[in-house]
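First up is the structure itself, then whatever we jot down about it.
The values are calculated or read from the model by the stated rules, or taken from the named source; none is laboratory data. Computed from a prediction, not measured in an experiment: that's the story for all the values here. Neighbour counts run over all protein chains shown; Cβ positions are idealised from the backbone, glycine included.
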Amino acid sequence: MDSPVVTMTRNGAIAVVTIDRPPVNALSADVRRGLLDAFGALASDPSVAGAVLACAGRTFVAGAEISEFGTAAFSEADPNDVHAAIENLNIPVVCALHGTTLGGGMELALACHYRVATPTAKLGLPEVTLGLLPGGGGTQRLPRLIGAADALDMMLSGAPVSAQTALEKDLIDVIVEGNLLEAAQRFVGELVATRAPLRLASELEVDRASVSPTLFAESRASLAKKARGAIAPARIVDCVVAAVTTPFAEGLKYERDLFVECMNSPQSAALRHAFFAEREAGKIPGIAKDLSLRSIGKVGIVGAGTMGGGIAMNFLNAGIPVVLLEVRPDALERGLGIIRKNYEATASKGRMTLEQVEQRMALCSGTLEYAELGGCDLVIEAVFENMDIKKAVMARLGEVCKPGAIIATNTSTLDVDVLAAASGRAADVVGMHFFSPANVMRLLEVVRGRDTAPEVLASVMALARTIRKVAVVSGVCFGFIGNRMLEPYLRECEFLLLEGATPTQIDRAIETFGMAMGPCRMIDMAGVDVAAKVVLERRKEGALPADPSYRVACQMLFELGRHGQKSGAGYYRYEGRTPVHDAEVDRIMEGLARQYGIARRSDISDEEIVERCLYPLINEGAMILEEGIAYRAGDIDIVWLNGYGFPALKGGPMHAANVIGLEQIVACLDRYADKRGNTFGYWSVAALLGDLATAEREFGGA
Ligand code: 3H9
């Protein structure tokens with residue numbers, strides 16, 4: 001055999017087949033061909049008594065090669081033929097698992113007669129996270145091996161299990177310490193010596209005890225609530241029903257048909273786009289991969305409020321010591337107390353042990369003295385969002401931080417370049433915009449200042465990975481990527497309210513589109529006061545359009561003390577945490593419409609709401625790209641998917657725009673410009689969007 005990615009060696013009567021296709025040994029057509037050749041050769045070699053299938057590098061196969069989906073390569077060398085070639089051998093085949101055995105990798109392992117794994121190995125079928133189902137026999141073999149209920153759990157959650165759990169579920173046969181390959185060869189040697197039976201998952205019956213009469217109905221009911229409109233999870237249930245009710249070969253065929261349906265769906269295209277965009281976002285154009293990074297072993301945080309405390313928890317969770325600075329002892333104590341309470345709450349839900357709580361708290365110290373931040377490699381300021389206060393803090397940090405330390409600001413709206421200048425060492429300064437709650441939200445906008453040193457940017461991006469954030473680089477502008485795009489979205493939401501739409505109607509339309517939360521509920525939760533202050537601040541700076549009716553709705557609610565959920569009223573009235581329509585809000589909006597000469601209408605459709613809120617947001621995204629604030633359209637998508645509740649099944653605003661068609665978006669913006677007038681440029685099409693639409697190209701396209 002002659003494959004660059006699959007090799008075979010011999011150790012006496014034992015053959016070792018090794019896949020070597022960095023970085024994660026994805027099961028591409030060439031790997032599948034290599035495996036067909038290798039196992040085909042074994043079938044006709046009487047001198048071989050047993051075989052081991054293993055992988056070189058950091059992991060066993062982490063899935064099918066995702067970039068092949070929807071291409072010609074997908075149809076080459078069917079994985080089910082590979083699996084049959086392994087299962088049908090008359091010698092035992094043992095799979096040696098390390099790293100992450102995922103998706104098509106797990107299906108390959110399930111086709112082997114036995115499985116051994118390292119103690120740190122993880123196994124899973126995460127296809128659902130890509131809008132897919134396991135399409136290489138996974139939906140048919142896994143229920144036969146571990147029962148329908150557990151198999152459904154694994155496939156619907158997509159979450160991998162540990163080697164220990166896999167052992168307990170009979171998904172693997174043994175956990176081996178020491179050298180995996182040697183242990184796997186010893187294991188197969190014993191199977192040969194004892195003439196152990198060949199175990200074929202395809203020949204098992206699904207354990208009836210694992211199929212309660214309500215299992216499938218309950219799964220479907222729960223999906224209707226939790227995975228509204230998602231195709232793949234529903235098809236996974238269909239496949240497991242087939243595993244229980246039909247012979248293996250029939251189930252396999254059914255599974256493949258449903259896999260192809262999922263693969264060709266816009267939902268899967270969106271989720272696959274997000275998978276690659278997330279990985280791409282970590283790459284900074286123009287910065288060499290081998291640039292030496294600043295090491296970050298200790299972090300200082302200025303401000304122990306909700307934000308500062310949440311930020312601290314990210315580092316404590318990653319085992320990185322934190323020094324928290326406050327100006328007053330009571331504020332410091334309260335801040336440290338909140339962190340402890342958060343951890344204890346997690347422990348009370350059984351998600352961490354009390355010992356782990358103490359371990360994390362032991363890494364966290366407090367101080368009232370700036371000088372104590374001198375030993376930190378990174379200091380993040382998380383003080384009140386006010387330019388003068390932040391400038392004073394940055395100046396202080398410029399003095400006390402050691403040479404080579406990185407100084408970061410957590411500002412969400414202020415000019416990072418101004419703050420960098422205030423520190424007196426702008427090359428060391430970067431923005432780290434965490435989203436609230438900072439210990440929960442995955443997104444981190446890393447703001448590249450005019451003078452930020454490349455290694456500072458690269459070091460913070462690497463650190464983001466360590467603390468399990470998905471980081472996106474943004475240039476300096478008001479609101480960076482996310483909040484800048486939020487602005488036109490909220491502008492139109494408020495105009496719609498003045499024109500006669502209700503908060504309930506707007507939120508319902510936007511939530512039906514798929515956003516996790518409509519804009520009115522969102523501002524009520526974040527605080528109408530917070531939103532209004534940003535508008536007021538920008539008005540003072542002269543940064544707003546000369547339109548007197550711009551965002552007046554939010555300012556009026558603020559003035560009336562309707563600060564949102566926390567004050568019991570905002571865009572809604574609150575009964576506990578439940579938003580309820582408030583006729584008073586209708587009256588307020590009517591009054592504002594009268595005051596600003598805006599005509600009230602009763603014909604606002606859900607379609608208009610979605611177009612008017614989302615298309616200007618996409619248009620702003622185009623400007624952000626045009627200005628080089630974001631490197632890539634995919635980066636913008638990652639921001640909105642991870643920080644703003646954009647529906648994952650739509651792949652982010654720029655991907656969604658591509659799907660809708662850029663020409664259609666331009667035509668729609670033009671239509672609103674005609675209908676509503678364009679005095680303030682609200683409907684002016686971004687040059688990039690216009691150009692791409694004319695050229696019939698897409699965001700992010702070649
Ligand atoms: C499937 O298997 C379908 C079958 O059931 C049916 C077929 C008929 N393909 O994440 P990282 C790349 S569906 C192609 O940064 P980590 C990734 O793009 C698949 N490429 O590292 C990146 O490339 P680059 C089911 C892949 O250590 C590099 O590897 N499997 C694939 O943080 C490193 O990735 C999955 O859904 C792939 N399958 O995490 C698993 N996987 O360096 C998806 C990775 O050029 N993968 N790459 O940017 C993962 O969850 C994580 O990548 C993994 C490693 C945990 C493996």
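Taking the condition in contact (Cβ under 8 Å) with a residue 12 or more places away in the chain, surrounded by fewer than 22 Cβ atoms within 10 Å (Cβ to Cβ) and farther than 30 Å from ALA633 by Cα, does GLU355 pass?
no
Please work out which one of (1) crowded, with 20+ Cβ neighbours inside 10 Å; (2) under 29 Å from GLN565 (Cβ atoms) is the condition VAL473 fails and give its number.
With (1) crowded, with 20+ Cβ neighbours inside 10 Å; (2) under 29 Å from GLN565 (Cβ atoms) applied to VAL473, the lone miss is (2).
One line per residue, one yes/no per condition, for (1) outside the structural domain of VAL128 (by TED's automatic domain parsing); (2) within 16 Å of the ligand (Cβ to nearest atom); (3) of a type in the set (Asp, Glu):
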site: VAL16; (1), (2), (3): no, no, no
site: VAL31; (1), (2), (3): no, yes, no
site: ASP45; (1), (2), (3): no, no, yes
site: PRO92; (1), (2), (3): no, no, no
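Would it be correct to say that GLY135 is surrounded by 24 or more Cβ atoms within 10 Å (Cβ to Cβ), near the ligand (Cβ under 9 Å from one of its atoms), modelled with pLDDT of 95 or more and within 17 Å of ARG235 (Cβ to Cβ)?
Judged against the criteria, GLY135 is a match.
Can you pull out the residues in region 70-86 that are within 14 Å of the ligand (Cβ to nearest atom) and buried (at least 21 other Cβ atoms within 10 Å of the Cβ)?
PRO79, VAL82, HIS83
Listed residues ALA117, ALA64; which is away from the ligand (no atom under 15 Å from the Cβ), among the small types (Gly, Ala, Ser) and either at pLDDT 95 or above or outside the structural domain of TYR254 (by TED's automatic domain parsing) (or both)?
ALA117
Mind listing just one residue for me: the one in region 217-260 that is under 19 Å from GLY104 (Cβ atoms) and within 24 Å of the chain's Cα centre (by Cα) and, of those, nearest to the ligand (Cβ to nearest atom)?
PHE259
Residue under question is VAL659, and the condition is that it be under 30 Å from PRO285 (Cα atoms), in contact (Cβ under 8 Å) with a residue 24 or more places away in the chain and touching a helix residue (DSSP H, G or I) at 6+ places or on another chain (Cβ under 8 Å); does it hold?
For VAL659, the condition - under 30 Å from PRO285 (Cα atoms), in contact (Cβ under 8 Å) with a residue 24 or more places away in the chain and touching a helix residue (DSSP H, G or I) at 6+ places or on another chain (Cβ under 8 Å) - is met.
Sort out which residues of region 140-163 are within 11 Å of the ligand (Cβ to nearest atom) and touching a Phe, Trp or Tyr at 6+ places or on another chain (Cβ under 9 Å), and write them in order of number.
none
Quick check, is ARG58 within 16 Å of the ligand (Cβ to nearest atom), among the basic types (Lys, Arg) and under 24 Å from the mean Cα position of the chain (by Cα)?
yes
Taking region 359-388, which residues are loosely packed, with under 13 Cβ neighbours inside 10 Å and over 11 Å from PRO321 (Cα atoms)?
Answer for region 359-388, where residues must be loosely packed, with under 13 Cβ neighbours inside 10 Å and over 11 Å from PRO321 (Cα atoms): LEU368, GLU369, ALA371, PHE384, ASP388.
Here are some conditions: (1) charged (D, E, K, R); (2) within 30 Å of THR367 (Cβ to Cβ); (3) out of contact with any strand residue (DSSP E or B) (no Cβ under 9 Å at 6 or more places or on another chain). GLU261 meets all but one. Which one does it not meet?
(2)
Among the numbered criteria (1) in contact with a helix residue (DSSP H, G or I) (Cβ under 8 Å, 6 or more places away or on another chain); (2) touching a residue at least 24 places away in the same chain (Cβ under 8 Å); (3) not charged (D, E, K, R), which one does ALA331 miss?
Evaluating ALA331 over (1) in contact with a helix residue (DSSP H, G or I) (Cβ under 8 Å, 6 or more places away or on another chain); (2) touching a residue at least 24 places away in the same chain (Cβ under 8 Å); (3) not charged (D, E, K, R) leaves (1) as the failure.
When residues of region 669-694 are filtered for being assigned to a helix (DSSP H, G or I) and closer than 15 Å to TYR489 by Cα, how many remain?
Final tally of qualifying residues: 2.
Suppose the filter is within 16 Å of the ligand (Cβ to nearest atom) and surrounded by 19 or more Cβ atoms within 10 Å (Cβ to Cβ); does ALA553 pass it?
When the stated conditions are applied, ALA553 does not pass them.
Considering only residues that are in a helix (DSSP H, G or I) and surrounded by fewer than 19 Cβ atoms within 10 Å (Cβ to Cβ), which ones fall in region 624-638?
GLU626
Does region 409-432 hold any residues that are in contact (Cβ under 8 Å) with a residue 60 or more places away in the chain and of a type in the set (Val, Ile, Thr), and which are they?
THR413, VAL416
State which residue is nearest to ILE506 (Cα to Cα) when the search covers only region 594-610 and only residues that are part of a loop (DSSP other than H, G, I, E, B) and among the β-branched types (Val, Ile, Thr).
This residue is ILE604.
Can ARG58 be described as loosely packed, with under 14 Cβ neighbours inside 10 Å and part of a strand (DSSP E or B)?
So ARG58 does not fit the description; no.
List the residue pairs whose Cβ atoms are under 9 Å apart, where the first residue sits in region 23-51 and is under 22 Å from PRO197 (Cα atoms) and modelled with pLDDT of 95 or more, the second is in a helix (DSSP H, G or I) and within 11 Å of the ligand (Cβ to nearest atom), and the two are 6 or more positions apart or on different chains.
Close Cβ pairs satisfying both conditions: PHE39/VAL82.
Here are ARG279, ARG272: which of them is within 11 Å of the ligand (Cβ to nearest atom), without any contact (Cβ under 8 Å) to a residue 12 or more places away in the chain and assigned to a helix (DSSP H, G or I)?
Result of the check over ARG279, ARG272: ARG279.
Considering every residue within region 209-231, establish whether at least one is modelled with pLDDT of 95 or more, surrounded by 18 or more Cβ atoms within 10 Å (Cβ to Cβ) and touching a Cys at 6+ places or on another chain (Cβ under 9 Å).
Yes, region 209-231 contains a residue that is modelled with pLDDT of 95 or more, surrounded by 18 or more Cβ atoms within 10 Å (Cβ to Cβ) and touching a Cys at 6+ places or on another chain (Cβ under 9 Å).
Here's the yes/no breakdown for (1) over 22 Å from PHE434 (Cβ atoms); (2) of a type in the set (A, V, I, L, M); (3) under 30 Å from the mean Cα position of the chain (by Cα):
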site: SER348; (1), (2), (3): yes, no, yes
site: THR353; (1), (2), (3): yes, no, yes
site: GLN356; (1), (2), (3): yes, no, yes
site: GLU369; (1), (2), (3): yes, no, no
site: CYS376; (1), (2), (3): no, no, yes
site: ALA382; (1), (2), (3): no, yes, yes
site: MET387; (1), (2), (3): no, yes, no
site: GLU399; (1), (2), (3): yes, no, no
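For a quick check of your reading of the model, give me the residue pairs whose first member lies in region 595-609 and is over 14 Å from THR502 (Cβ atoms), whose second is hydrophobic (A, V, I, L, M, F, W, C) and in a helix (DSSP H, G or I), with beta-carbon atoms closer than 6 Å and at least 6 apart or on different chains.
ILE598/LEU498
One residue is enough: does region 98-113 have a residue meeting the conditions assigned to a helix (DSSP H, G or I), assigned by TED's automatic domain parsing to the domain that holds ASP207, among the charged types (D, E, K, R) and more than 19 Å from TYR254 (Cβ to Cβ)?
Looking through region 98-113, none of the residues is assigned to a helix (DSSP H, G or I), assigned by TED's automatic domain parsing to the domain that holds ASP207, among the charged types (D, E, K, R) and more than 19 Å from TYR254 (Cβ to Cβ).
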